[in-house]
Amino acid sequence: MNTSNNIPNQKLPLQGTEGVRLAILGAGESGVGAAYLALQQGYDVFVSDFGPVADHYKQQLKDWNVRFEENGHTEDEILKAAEVIKSPGIPDKAPIVKTLVANNIPVISEIEFAGRYTDAKMICITGSNGKTTTASLTYHILKNGGLNVGLAGNIGKSFAYQVATENFEYYVLEISSFMLDSMYKFRADIAVLLNITPDHLDRYEYKLENYAASKFRITQNQTGTDHFIYCADDTETIKVMEGKEIAAQQLPFSIQKKIGEGAYLDQDNLIINVHQQHFQMSINELALQGKHNIYNSMASGIVAKVLELRNETMRESMGNFRNIEHRLESVGKISGISFINDSKATNVNSTWYALESMTTDVVLILGGVDKGNDYSMLKQLVKQKVKAIVCLGKDNKRIHDAFEDDVEVIVNTASAAEAAQVAYHLAEKGDTVLLSPACASFDLFKNYEDRGRQFKDAVKEL
């Protein structure tokens, strides 16, 4: 098979890439997309996954004649590479990564690699919470504004695959700290940092300052013509900024104080001022409600104003946006009870944001794989809004210990169907059943998407 016939939109390889061995660790969306782009650029590509490869990715690799292996790494093959692209899910302490570093073989992210092959403007969004929503909203506004824009990173089709097959002039990239850790020369034209709260600390020696430093890599390589958008109300962000020089033009947003250049709240009005351009919109007209979503809307709105989009486009887009699947997703209403799927809430902060946006009494479905959660930050909101907790996980002891004094009813369940059924019977007309687990999902489910879909299916069966 002539593999070049299978690759659309041929772009000329960089000089010197022809036949150079490139190894890719991980054969998920990111790795397979990187393989496609690398093949297009003339590299000799080898993909290696420590676990099994999903059937549809396996088929793609076979169709493109890309050599790959699964269920283990052949070290000799990987060490022949001039460079290695690592899936963000693989920690630096993995034996194969340590071996590569010891052999002075560069290990980079898919974002770093794909960035070499596009001149598109990069709008990069990170943060512990809200980045998927903010990236999706930003993309929605820019697309409605007529920009030729792609959405990638932690969301949708991989960035590398889109660089290989599309010709976008702008990319909105949702970027995790794991991606940032393997990013070196890549530069964000517009960098957005929403917040920094404890998450994934097992990858950062359990030190918040290490995790925060990782998040701030989003500003590396920025120049005075670039923009850095950040939350002026976020304690950890401000703490890091006090000891850091940032070359980009800074545009903060706040709901606590008035901001000159950036965004702030004036009573019920969201105000944005950027480079002598002014935008104003009532927060009651925003599609995304709740305090955390005002922050998300501010960040997206500042990006739109930096890119000089029309106020009318922004107002319309911020008013008609529909949130992504598994993030405060409305599943429907049964007997006057609303059901909301927030399965993407895999940490306590995400659940806090979800509860904060609720305006009714809540039956809360919590639980899963607890990453050493500190539930104390939820206690006040649980006392105010939660009438019952339905635990969905194999080990629910820490949830019982945390909230037994705050709610009268805490029930254990072992499946999404059972959790939905129990929550439905505990709720009354006018209440909300909220799946917002604050935990990872892999004790009972493949991933948070599987958990969310099973919950939605269960609600339909009620």
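Quick notes
- Between residue 269 and 283, the built amide H atoms are under 5 Å apart, and every one of these is 5 or more places off in sequence or on another chain.
- Residue-normalised accessible area of segment 56-162, expressed per residue, 1.4 Å probe, Å²: 40
- Residues of segment 206-223 with an amide N closer than 18 Å to a point placed 7 Å from the Cα of residue 377 along the Cα-to-Cβ direction: 206-216.
- For Cα extents along the principal axes in Å, the candidate list reads [x] 65, 54, 41; [y] 60, 46, 40; [z] 72, 46, 44; the entry that matches the value derived from this model is [x].
- Where chymotrypsin sites (Phe, Trp or Tyr not before Pro) fall in DSSP loop in segment 205-267, at most 13 other Cβ within 10 Å: 206
- Amide hydrogen proximity for residue 337: with H placed 1.01 Å from N in the peptide plane, the residues at 5 or more positions away or on another chain lying under 5 Å are 430.
- Cα centroid separation, segment 131-198 to segment 215-284 (Å): 18
- Restraint check, 244/291; 93/371; 258/385; 291/394, Cα-Cα greater than 25 Å: 244/291; 258/385; 291/394
- Using just its DSSP H runs of length 4 or more, each adding -39500 (n - 2.57), the chain gives a mean residue ellipticity at 222 nm of -9500 deg cm²/dmol after division by all residues.
- Within segment 174-268, the GluC sites (Glu not before Pro) that combine a DSSP coil assignment with at most 16 other C-beta atoms in a 10 angstrom radius are 205, 245, 261.
- For segment 73-167, the equivalent ellipsoid derived from the Cα gyration tensor has semi-axes of 32, 16, 9 Å, listed largest first.
- The accessible surface of segment 245-369, taken with every protein chain in place and a 1.4 Å probe, is 41 percent carbon and sulfur.
- Backbone phi angles across segment 338-345, fed through the Karplus curve with coefficients 6.51, -1.76 and 1.60 (θ = phi - 60°), yield HN-Hα couplings of 8, 10, 10, 9, 10, 4, 5, 6 Hz in residue order; Gly and Pro are listed as x.
- Restricting segment 85-167 to trypsin sites (Lys or Arg not before Pro) in coil, as DSSP defines it, with at most 15 other Cβ within 10 Å: 93, 116, 157
- Rounded accessible area per residue of segment 229-374, 1.4 Å, Å²: 43
- Contact order relative to length of segment 42-126, as percent, for alpha carbon pairs under 8 angstrom and 6 or more apart: 24
- Dipole in debye (nearest 20) - segment 356-402, about Cα centre, beta carbon charges: Lys, Arg +1; Asp, Glu -1: 80
- The apolar share of the surface of segment 397-462, taken as the fraction of accessible area on carbon and sulfur atoms (1.4 Å probe, ligands and nucleic acids excluded), comes to 47 percent.
- Contact order for the chain, expressed relative to its length and based on alpha carbon pairs under 8 Å spaced 6+ residues apart, stands at 11 percent.
- Among 307, 297, 134 the positive-end extreme of the charge dipole of the chain (Cβ point charges): 307
- Separation of the residue 148 and residue 104 label points, Cα + 7 Å toward Cβ, nm: 4.2
- Heavy atoms of the protein chains alone define the surface here; on that basis segment 417-462 has 48 Å² accessible area per residue at 1.4 Å probe size.
- Label separation (residue 324 vs residue 428): 3.7 nm, computed from points 7 Å beyond Cα along the C-beta direction.
- Residues of segment 414-443 with an amide N closer than 18 Å to a point placed 7 Å from the Cα of residue 398 along the Cα-to-Cβ direction: 436-443.
- Using C-alpha pairs below 8 Å separated by at least 6 residues, the relative contact order for segment 358-462 is 37 percent.
- Positive end of the dipole of the chain (Cβ unit charges, origin at the Cα centre): among 393, 24, 260, the Cα lying farthest that way belongs to 260.
- Scattering curve values for segment 376-457, log₁₀ I(q)/I(0), Debye with Cα scatterers, q = 0.27 Å⁻¹: -1.50
The values are calculated or read from the model by the stated rules, or taken from the named source; none is laboratory data. Since the model is a prediction, treat every value here as computed from it, not as a measurement. Neighbour counts are summed over all protein chains in view; Cβ atoms, including those assigned to glycine, are modelled from backbone coordinates with ideal geometry. For the accessible areas, the whole protein counts, side chains as well, though only heavy atoms, and no ligand, DNA or RNA atoms are used. Shrake-Rupley method; radii C 1.70, N 1.55, O 1.52, S 1.80 Å.
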